[in-house]
Every structure is written in structure tokens, then in C-alpha cells.
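This report concerns only the one structure given below.
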Amino acid sequence: MKDIQTNTNPQLPKEDFYKELAEQIQVITEDQSFWVTNLSNASSVIFHELNSLAYFQEKPINWAGFYITNPKNDQQLILGPFQGKVACTEIQFGKGVCGTAASTMQTQVIRDVHQFPGHIACDSASNSEIVVPLVVDGRLVGVLDIDCQEKEGFDDTDRIGLEAIAKIIVDNCTW
Ligand code: SME
């Protein structure tokens, strides 16, 4: 078992925080290739580390995890490893924030989920959301979904940081 350092300095600016988080995720995923294992530990680190950052003390993260492309239906996402409350198990491509990220393969930064047409409310505590597609050779293998209890929880700094983390996760798994 590697000695994994999981206590990022809570005062770090978000840009620096995401660099440290990316290094942690590289360390916890580089010796494993099974996606269940890597997505499980990645969701835990992302959830706990984001919530430890001073910035997110005022904007708590209530859900962080993954939906993967359903192996039995390539137009549907199915719930993967996550931290947070029980969530909906299936999302059609094109539906909700996750399905939009899946069908467009573009990160969705949603400042107010109540303004997003078709938003799927799994946890009523969520008020903003970011969804980052996981893409391998042009194929959507899943999405990283993070929900925040306050509006405007995420911005372009989160998008850049989380897209880099999504790439590390994609590269360290066999799909
Ligand atoms: N809100 C998401 C559904 C997933 S939950 O947030 C965990 C959506 O609209 O796709």
C-alpha cells in the first residue's frame, strides 16, 4: 500500500490545489487499471479534498462520482462509483447535465441547476454542478459529475483542473 498523502493545504488557491489533487490521483491510480477500483478511490479523494479546501467550506460539495457508458446500451449512462447520497441509476445521452456532457463530449459548468432545462435532481441539496466527459480515442466511456450545495460553485478554474484529472483517470484505466 502506498503512503498516499491526502491532506492538501486548505488555503491553496484553486489552481495550485488542482495541481496537487492531480498528483494525488496519479499516485492512487497509476498501479491499478481496473476502472471500478480507480474510480472508487478517485471519487473519494475528489469529494474529501474538495470539501477540505477553504473555498468550498462556503460551497460544500454534496456529491462527487462517476457515471459510465452502459456496456449494454451505448446511448445510456449508468451509475458508477461515487460519494454522496443515493443517485439515479440510468441517464439517457442528451438528458440532464450528465447526458448533455455525454452527447456533446463537452464539459458542462452549470451555475444554477434550476435554470438548466431537463436537469435531473438526484439530491435536492444540489444547486450547481460540473460534469466532465471521460473520452478515450473519441469514445465516451463515462463522465465525472460533481454537485455543489450553493449556486456558482464551479468556474473555469474548476473546469481546467478537473479536465486534467479526468485525463489522468482515463489514461490509468483499461476500458
Ligand atoms: N444532476 C445530474 C444527475 C446526476 S446527480 O447530480 C448525481 C444531471 O442532471 O444529469
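Here are some notes:
- Residue among 28, 68, 61 that alone is among the hydrophobic types (A, V, I, L, M, F, W, C) and closer than 19 Å to residue 153 by Cα: 61
- Leading residue by the ranking (least open to solvent (accessible area, probe 1.4 Å)) among those in segment 140-157 that are over 13 Å from the mean Cα position of the chain (by Cα) and more than 25 Å from residue 76 (Cβ to Cβ): 153
- Tally of residues being in contact (Cβ under 8 Å) with a residue 12 or more places away in the chain, closer than 20 Å to residue 82 by Cβ, more than 10 Å from the ligand (Cβ to nearest atom) and open to solvent by 60 Å² or more (accessible area, probe 1.4 Å) across segment 104-125: 0
- Residues being surrounded by 15 or more Cβ atoms within 10 Å (Cβ to Cβ) and more than 14 Å from the chain's Cα centre (by Cα) are entirely absent from segment 158-169.
- Selection from segment 126-139 of residues that are hydrophobic (A, V, I, L, M, F, W, C), more than 13 Å from the chain's Cα centre (by Cα) and either near the ligand (Cβ under 10 Å from one of its atoms) or open to solvent by 50 Å² or more (accessible area, probe 1.4 Å) (or both): 135
- Subset of segment 76-91 that is part of a strand (DSSP E or B), more than 15 Å from residue 40 (Cα to Cα) and within 10 Å of the ligand (Cβ to nearest atom) - its residue that is farthest from the chain's Cα centre (by Cα): 91
- Residue check, residue 31 surrounded by fewer than 15 Cβ atoms within 10 Å (Cβ to Cβ), out of contact with any Asp or Glu (no Cβ under 7 Å at 6 or more places or on another chain) and modelled with pLDDT of 95 or more: yes
- Only a single item in (1) buried (at least 21 other Cβ atoms within 10 Å of the Cβ); (2) closer than 24 Å to residue 32 by Cβ; (3) within 13 Å of the ligand (Cβ to nearest atom) is not met by residue 101, and it is number (2).
- Residue tally, condition without any contact (Cβ under 8 Å) to a residue 40 or more places away in the chain and within 30 Å of residue 138 (Cβ to Cβ), over segment 48-70: 1
- Of the criteria (1) under 18 Å from residue 22 (Cα atoms); (2) within 11 Å of the ligand (Cβ to nearest atom); (3) out of contact with any Phe, Trp or Tyr (no Cβ under 7 Å at 6 or more places or on another chain); (4) not acidic (Asp, Glu), which one residue 47 fails: (2)
- Residue 131 assigned to a strand (DSSP E or B) and more than 20 Å from residue 30 (Cβ to Cβ): yes
The values are calculated or read from the model by the stated rules, or taken from the named source; none is laboratory data. What you see is a predicted model; the values in this text were computed from it and never measured. Glycine also receives a Cβ, built like all others from the backbone with ideal geometry; neighbour counts cover every protein chain displayed. For the accessible areas, the whole protein counts, side chains as well, though only heavy atoms, and no ligand, DNA or RNA atoms are used. Shrake-Rupley method; radii C 1.70, N 1.55, O 1.52, S 1.80 Å.
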